[in-house]
Amino acid sequence: MTQTPPFPARLLAALLPLCLTAPAFAGEAVQLAAIEVSASTPTQDDTLDGAQLQKAQARDLGDVFVADPEISVGGGGNPISQKMYIRGMEESLLNLSVDGAQINSKVYHHQTALILDPQLIKQVEVEKGTAAASAGPGALGGAIRYETVSAIDLLRPGQQYGGSLTGSVFSNEGWRSGAMAYARLGAQFDALVSVSGMDTDNYQAGNGQTIANSATEQQHYLAKLGLQLSDTQRLSASFQRSRDEGVRTARANMVGFPHPVLPNDPIPQSLDRDTATLNYSGRQLGWFDGVEATLYRSEVDSDRTDRKGRNWGETLTTSGADLLLKNAIGDHLLKYGLNWREEKSAARNIANPYKLTGSGREEMRVFGGFVEGEAHFGSVTLTGGLRYDDYRYTDNHHQRYASDGLSPSAGIRWQALDTLELRAGYARALRGVGLKEAFMLDIAQWKNNADIKAEEAQNAELGFAWRDGGFTLDGNVYRQHIDNFITTFSCASSRGGCRGNLDRATIDGYELSASYRWGNLHLGLSVADNRSDIGGRKFNDADLGLGTSTGRTWITRAGYTLPDYGVELGWLGRFVESLDYTPVGTTETRSKAGYGVHDVFISWLPLKKDTLRLSLAVKNVFDQHYYDQATYAWNGWQGKTLGYPEPGRDVRVEARWSF
């Protein structure tokens with residue numbers, strides 16, 4: 001698909017004069033110290049390190065989150081068809097952001113809306129369960145914040161410019177390459193430019209079967225410019241473009257099946273994401289101990305062409321701004337701020353087989369504010385937050401909706417012993433009536449019921465953390481409710497179908513994680529399980545936009561470093577127990593088969609410094625044939641498995657030269 005220069009490039013061109021007319025600069029570039037306020041929810045959250053993702057040669061979302069038992073990524077081995085679930089809740093219930101830019105609404109339910117090169121990730125913050133007030137509006141199931149690398153992250157002390165070249169080959173099947181350049185320009189400016197691409201053929205499953213229509217091509221571009229306004233203030237601008245394209249079935253997460261009206265033929269498809277952000281951060285600015293402000297715009301474009309030559313697809317444009325202020329009041333901490341987001345979706349070349357009227361366009365906006373704090377009283381820490389959000393939404397049938405409400409949260413942490421912390425908390429979140437999935441504006445113009453209510457989530461959680469020398473043990477139990485979940489269903493009042501509220505969905509679960517570090521050896525074991533209920537049954541694969549059910553998941557891991565030789569070794573096992581459930585299209589109970597998968601990696605610095613890194617990773621060492629339990633698999637109406645199996649053994653070899 002031919003594109004004009006992307007809007008983020010034009011936006012950044014407009015923003016650059018702001019950088020050039022900034023206040024006078026002072027001193028050498030300084031990385032700002034963070035002023036942190038713990039979230040007002042007691043969830044067992046995670047921060048993933050981009051360096052480890054590089055060593056394990058992560059190339060898609062499944063690789064990024066494979067070590068977390070509370071996160072499942074289904075859809076097979078094609079990155080475009082992968083969907084992520086936290087505690088059984090689909091990614092569409094989360095707040096997702098890249099460098100502060102929110103990417104939340106759905107484009108097409110058979111594919112993801114977020115494609116990103118994992119090799120560009122600096123870190124990933126995962127907030128599980130109903131999120132804290134500061135996570136932004138509508139974080140019913142949590143939040144995931146991706147942060148990409150900057151020049152100041154990569155430049156060595158005293159280095160003014162540098163770069164890297166990366167090349168990888170995959171036995172199952174394809175290659176990846178990338179080039180990056182970064183520099184410090186004088187005392188105030190720093191810049192980074194990165195280009196990478198990945199090309200894979202149809203992969204093989206563990207039984208040796210070649211999976212048709214699973215090949216993909218990806219290109220990723222990242223440009224960042226940083227400006228040190230003073231020792232305590234920094235301004236940065238970034239632009240990202242990611243593109244995925246290939247010939248895959250119209251429902252990219254399903255194999256072909258006969259259907260007289262809605263065929264599933266292999267057709268050319270592409271997905272593009274362009275994102276621009278402008279970030280300001282400062283500390284010790286008069287009354288404020290910390291200030292963070294973000295302005296962003298993101299555009300996702302999905303494109304398909306069928307065998308008859310019809311070209312169609314969807315666009316989703318998100319614009320927003322966030323302001324966060326921080327204050328330290330003695331031993332106590334406070335943060336507060338504002339969030340604004342506007343989303344617009346549209347379908348191109350509408351088919352409209354149901355002869356419904358509709359504009360093919362929708363828009364919504366949300367404006368909110370929050371306050372969140374942390375108070376210390378000896379061994380007890382109290383946390384709390386409150387946010388208010390106001391939603392406005394106009395659908396493709398010119399119906400207008402308004403939703404607003406408060407989302408409180410509170411928690412307590414007690415340092416019962418030097419080695420033991422106990423925690424408890426409760427959080428609520430509201431998400432107003434908002435955009436339909438953009439695909440629903442096209443061939444299935446589902447009509448909103450007039451009385452749709454806002455969605456509400458609440459999460460109660462108990463947890464503990466034990467720290468004693470090199471041993472750690474963490475655990476959480478939780479109960480989560482989602483009321484008034486908005487979804488689509490058949491109805492008599494609209495030929496295409498209706499969109500409205502369902503009853504309460506409930507998820508109960510737990511996570512337990514242990515780790516031990518002794519010298520250069522690191523060992524870990526974790527387990528997580530959740531049980532969902534909606535209408536007296538577990539979530540099934542067809543509960544799109546809500547979630548799915550998976551069995552109890554175990555993660556085992558081990559790592560060992562040989563610093564004298566510049567070698568690091570790692571092993572990870574992911575084991576999922578079988579699960580009985582009722583699939584869509586049948587009343588019979590079936591079982592999702594359990595499986596165990598092993599991954600290993602070796603990372604070697606032959607020059608004993610980070611100029612040259614050689615890596616070997618083997619995914620699915622024993623060539624296990626399996627379907628991830630988060631994959632849309634068995635369908636009762638069709639009487640067969642529709643989803644794609646996971647890739648079999650994949651040997652990946654990579655060389656990375658940094659200069």
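Of the strands (runs of 3 or more DSSP E) contained entirely in region 576-655, those carrying at least 3 residues that are in contact with a Pro (Cβ under 9 Å, 6 or more places away or on another chain) fall at 612-619. The set of residues in region 300-323 that are in contact (Cβ under 8 Å) with a residue 24 or more places away in the chain, of a type in the set (D, E, K, R) and over 16 Å from residue 111 (Cα atoms) comprises 306, 307, 310, 322.
Evaluate region 50-66: report whether one residue or more is of a type in the set (Gly, Ala, Ser) and free of Cβ contacts under 8 Å to residues at least 12 places away in the same chain. Can you show your working first?
Kept after step one, since they are of a type in the set (Gly, Ala, Ser), are these residues of region 50-66: 50-51, 56, 58, 62.
Keeping just the survivors that are free of Cβ contacts under 8 Å to residues at least 12 places away in the same chain gives 51.
Yes - at least one qualifying residue is present in region 50-66.
Quick one: in region 579-606, which of the residues that are out of contact with any helix residue (DSSP H, G or I) (no Cβ under 8 Å at 6 or more places or on another chain) and among the hydroxyl-bearing types (Ser, Thr, Tyr) is farthest from residue 651 (Cα to Cα)? If you could, list the steps in order and put the result at the bottom.
The initial filter retains those residues of region 579-606 that are out of contact with any helix residue (DSSP H, G or I) (no Cβ under 8 Å at 6 or more places or on another chain), namely 579-600, 602, 604-606.
Okay, now just the ones that are also among the hydroxyl-bearing types (Ser, Thr, Tyr), so 581-582, 586-587, 589, 591, 595.
Numbers: 581: 34, 582: 36, 586: 39, 587: 41, 589: 37, 591: 31, 595: 20 Å.
By that ranking, first place goes to 587.
In summary, residue 293 fulfils each of the numbered conditions (1) surrounded by fewer than 20 Cβ atoms within 10 Å (Cβ to Cβ); (2) more than 15 Å from residue 99 (Cβ to Cβ) with the single exception of condition (2).
How about region 46-69: which of its residues are part of a strand (DSSP E or B) and within 22 Å of residue 610 (Cβ to Cβ)?
Looking only at region 46-69, we keep the residues that are part of a strand (DSSP E or B), and these are 46-49.
47, 48, 49 - these are the residues of region 46-69 that are part of a strand (DSSP E or B) and within 22 Å of residue 610 (Cβ to Cβ).
Once region 441-488 is narrowed to residues that are surrounded by fewer than 19 Cβ atoms within 10 Å (Cβ to Cβ), more than 25 Å from the chain's Cα centre (by Cα) and among the basic types (Lys, Arg), the residue that is nearest to residue 499 (Cα to Cα) is 453.
Mind listing just one residue for me: the one in region 70-82 that is at negative phi and touching a Lys or Arg at 6+ places or on another chain (Cβ under 8 Å) and, of those, surrounded by the most Cβ atoms within 10 Å (Cβ to Cβ)? Lay out the reasoning, then the answer.
Residues of region 70-82 that are at negative phi, as a first pass: 70-74, 77-82.
Okay, now just the ones that are also touching a Lys or Arg at 6+ places or on another chain (Cβ under 8 Å), so 70, 73-74, 78-81.
Working: 70: 28, 73: 24, 74: 25, 78: 24, 79: 26, 80: 25, 81: 24.
The extreme case among them is 70.
Can we say residue 161 is free of Cβ contacts under 8 Å to residues at least 60 places away in the same chain, aromatic (Phe, Trp, Tyr) and within 26 Å of residue 199 (Cα to Cα)? Spell out how you get there, then give the answer.
Details: free of Cβ contacts under 8 Å to residues at least 60 places away in the same chain: yes; aromatic (Phe, Trp, Tyr): yes; within 26 Å of residue 199 (Cα to Cα): no.
Taking the combined requirement at face value, the residue does not satisfy it.
Residues that are among the β-branched types (Val, Ile, Thr) and crowded, with 24+ Cβ neighbours inside 10 Å within region 619-633 comprise just one, 631. In this structure, residue 111 does satisfy being in contact with a strand residue (DSSP E or B) (Cβ under 7 Å, 6 or more places away or on another chain), in a loop (DSSP other than H, G, I, E, B), under 22 Å from residue 65 (Cα atoms) and not aliphatic (A, V, I, L, M).
For residue 543, state whether it is in a loop (DSSP other than H, G, I, E, B), of a type in the set (Asp, Glu) and under 20 Å from residue 652 (Cα atoms).
When the stated conditions are applied, residue 543 does not pass them.
Taking residue 524, is it surrounded by fewer than 19 Cβ atoms within 10 Å (Cβ to Cβ) and touching a Leu at 6+ places or on another chain (Cβ under 8 Å)? No.
Applying a threshold of 8 Å to beta carbon distances and a minimum spacing of six or more residues, or different chains, the list of pairs starting in region 457-470 at a residue that is in contact (Cβ under 8 Å) with a residue 24 or more places away in the chain and of a type in the set (Gly, Ala, Ser) and ending at one that is surrounded by 20 or more Cβ atoms within 10 Å (Cβ to Cβ) and not in a strand (DSSP E or B) reads 457/93; 457/130; 457/140; 457/141; 463/42; 463/43; 463/44. When residue 332 is tested against (1) at pLDDT 95 or above; (2) out of contact with any helix residue (DSSP H, G or I) (no Cβ under 8 Å at 6 or more places or on another chain), just one condition goes unmet, and that condition is (1).
For region 164-176, the criterion of being more than 15 Å from the chain's Cα centre (by Cα) and of a type in the set (Phe, Trp, Tyr) is met by at least one residue.
Does residue 431 meet the test of being of a type in the set (D, E, K, R) and closer than 18 Å to residue 135 by Cα?
Details: of a type in the set (D, E, K, R): yes; closer than 18 Å to residue 135 by Cα: yes.
Judged against the criteria, residue 431 is a match.
Considering only residues in region 550-587 that are in contact with a Gly (Cβ under 6 Å, 6 or more places away or on another chain) and polar (S, T, N, Q), the one that is surrounded by the most Cβ atoms within 10 Å (Cβ to Cβ) turns out to be 556. Of the residues 641, 553, the single one that is more than 30 Å from residue 484 (Cβ to Cβ) and of a type in the set (S, T, N, Q) is 641. Of all residues assigned to region 264-276, none qualifies as being of a type in the set (Lys, Arg) and more than 22 Å from residue 365 (Cα to Cα). Inside region 604-616, residues that are modelled with pLDDT of 95 or more and either among the polar types (S, T, N, Q) or under 13 Å from residue 550 (Cα atoms) (or both) make up a count of 1. Looking at residue 591 and the list (1) surrounded by fewer than 16 Cβ atoms within 10 Å (Cβ to Cβ); (2) at pLDDT 95 or above, which single condition is not satisfied? Unmet condition: (2). The residue list 616, 572 contains one member that is without any contact (Cβ under 8 Å) to a residue 60 or more places away in the chain, touching a Phe, Trp or Tyr at 6+ places or on another chain (Cβ under 9 Å) and under 29 Å from residue 523 (Cβ atoms), which is 616. Considering only residues in region 350-378 that are within 30 Å of residue 413 (Cα to Cα) and among the aromatic types (Phe, Trp, Tyr), the one that is modelled with the highest pLDDT turns out to be 370. When 99, 117, 153 are checked against the criterion of being among the acidic types (Asp, Glu), at pLDDT 90 or above and over 14 Å from the mean Cα position of the chain (by Cα), 153 stands alone in meeting it. Within region 171-195, residues that are farther than 12 Å from residue 228 by Cα reach partners that are surrounded by fewer than 18 Cβ atoms within 10 Å (Cβ to Cβ) and aromatic (Phe, Trp, Tyr) with beta carbons closer than 6 Å, at six or more positions or on different chains, in the pairs 183/161. Against the test of being part of a helix (DSSP H, G or I) and under 12 Å from the mean Cα position of the chain (by Cα), the options 72, 92 yield a single qualifying residue, 92.
The values are calculated or read from the model by the stated rules, or taken from the named source; none is laboratory data. Keep in mind that this is a model prediction, so the values were computed, not measured. When we count neighbours, we look across all protein chains shown, and the Cβ atoms used for this are built from the backbone with ideal geometry, even at glycine.
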